[in-house]
Amino acid sequence: MVGEIAITFLVNILKFFIQPVFLIGLFTVYLIGSKRIKTERKTFRTTIFQQLFELKEYFLAAIIPGILLSILSFGIGMPLTIHWLVLLQVVTILLLVLFGLRFIHPLFTFSLTSLLVFVLGFYPNEWLLAHSPSVLKEWLMPDTSYFSEMSLTISILMLLALFIHAYLMNQYGGKYLAPSIRDTGRGKIAGFFKIKHLWCMPLFILIPGDLIPSLFSWWPVFSIGQTKFTFLIVPILLGMRIQVQAQWPKKAIANLVKEYQFVGVIGLCLVLLSYYVPYLYLINFGLFIIAGFIVMYRHRLREQKQSFLFGISPLGLRVLGAKPNTPAEKMGLQLGDTIISCNGISIKTVNELYEAYLTNSTFCKLRVQTADGEFKMVQTAIFAESPHGLGIISIEDQN
């Protein structure tokens, strides 16, 4: 039996990388990274983050959380059906294709999938059933007799995935901040941030029964006692897409994380209550979707209530970021800083910065006003005859 499980495990690892939702997610991440690099080169004439960090995050960021969640699901015996898992992939792909990363969140993907499984079970498509092979009828008309029990499992799994999503947002959301520039509508320009992340979490699941082998004879199956099991590794996509222009990015992300965690705590109470109240689980799935919209709407309100935070500074050159492993990063230049002078010469544009620091062939000395209003002096050795050799990403008045 151990040998059968090992072979099944290895085969499913290979199958994990050819599942449609994984491949579409991978292609999406590649497009996001490529577009970011293209935008950086067009706007700032340099690439802020050279590598496609999005690909690294997609593959690696959620592996450990996925393994821990899988172990927990095995330990407490969470039953899931192949119908729900397949439909989850379909829902995820549709949301990703139609709306981008905005709704690739457990509150939306898990809840929509569960409601669809319930609806399909009670209102199957008669035409599809009449014209489909008998082996597919089980897929088109899932048994909902155990949906109440399974909904408790799905709700717990969704809430755990919600907390994992919040952890990933907190850990990676503010790690790579690539700025863009837009017109404020008042003849001015300002910096803003489109924060996009997509993480792939592997979820290890045991599926009882022989529905999959009945469709695919080559699919590995093993037995524990008298029960047959199919072992699956399912990719669960977790996405993040927000725009920040009136808040500090890390503060905006922290607010979202707190609100999602609050939703998770309230959701846990509702799930426990649904154990005693019939059909409350259906209402819960609808409430989870509404809660997701409320969190997104609250973030939008916070953005609209305040003006652009990263606009032109009348004192000098406003800093939007510092390229990694550059003198700017070593000097500690941060988002919101304003460079007032370079080598004792007042500057307000990139060209003036270029001319000022060429006056000293070995060092660049900057007078900076921080976002808190404090003034400081920073200096570093220079190695390239370009402002981007310093690694300063800035915004200047185009008039």
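Please treat every number below as a calculation from the coordinates, not as lab data. What you see is a predicted model, and the numbers here were worked out from it, not measured in a lab. Methodologically, a virtual Cβ is constructed for each residue, glycine included, from the backbone with ideal geometry; neighbour enumeration extends over all protein chains shown.
Cβ crowding within 10 Å ranks HIS83, HIS165, HIS299 as HIS299, HIS83, HIS165, fewest other Cβ atoms first.
The convex hull drawn around the Cα atoms of the stretch 312-395, when projected onto a plane and averaged over every direction, covers 4.5 nm². Coupling constants for the stretch 50-67 follow from the phi torsions by the Karplus curve (6.51 cos²θ - 1.76 cosθ + 1.60, θ = phi - 60°), and in residue order they are 4, 7, 7, 4, 4, 5, 4, 5, 4, 7, 10, 4, 9, 5, 5, x, x, 5 Hz; glycine and proline get x. Using a Förster distance of 22 angstrom, determine the FRET efficiency expected from the C-beta separation of LEU52 and ILE13, and round it to 0.05. Result of the calculation: an efficiency of 0.40.
Counting only Cβ charges, +1 for Lys and Arg and -1 for Asp and Glu, the dipole size of the stretch 312-395 around its Cα centre is about 60 debye. Ranked by how many other Cβ atoms sit within 10 Å of their own Cβ, fewest first, the residues VAL378, VAL97, VAL263 fall in the order VAL97, VAL378, VAL263. Maximal additional length on extending the VAL86-ILE345 stretch stands at 86.9 nm, based on 0.36 nm per residue less the C-alpha distance. Working note: Karplus 6.51/-1.76/1.60 with θ = phi - 60° gives the stretch 168-175 the couplings 5, 4, 5, 7, 10, x, x, 7 Hz, where Gly and Pro are set to x. With R₀ set to 35 Å, the beta-carbon distance separating ALA254 from TYR279 gives a calculated FRET efficiency near 0.45. Within 10 Å of each candidate Cβ there may be at most 15 other Cβ atoms; applying that plus a DSSP loop requirement, which chymotrypsin sites (Phe, Trp or Tyr not before Pro) in the stretch 240-319 survive? Within the stretch 240-319, the qualifying chymotrypsin sites (Phe, Trp or Tyr not before Pro) (loop, at most 15 other Cβ atoms within 10 Å) are TYR275, TYR276, TYR279.
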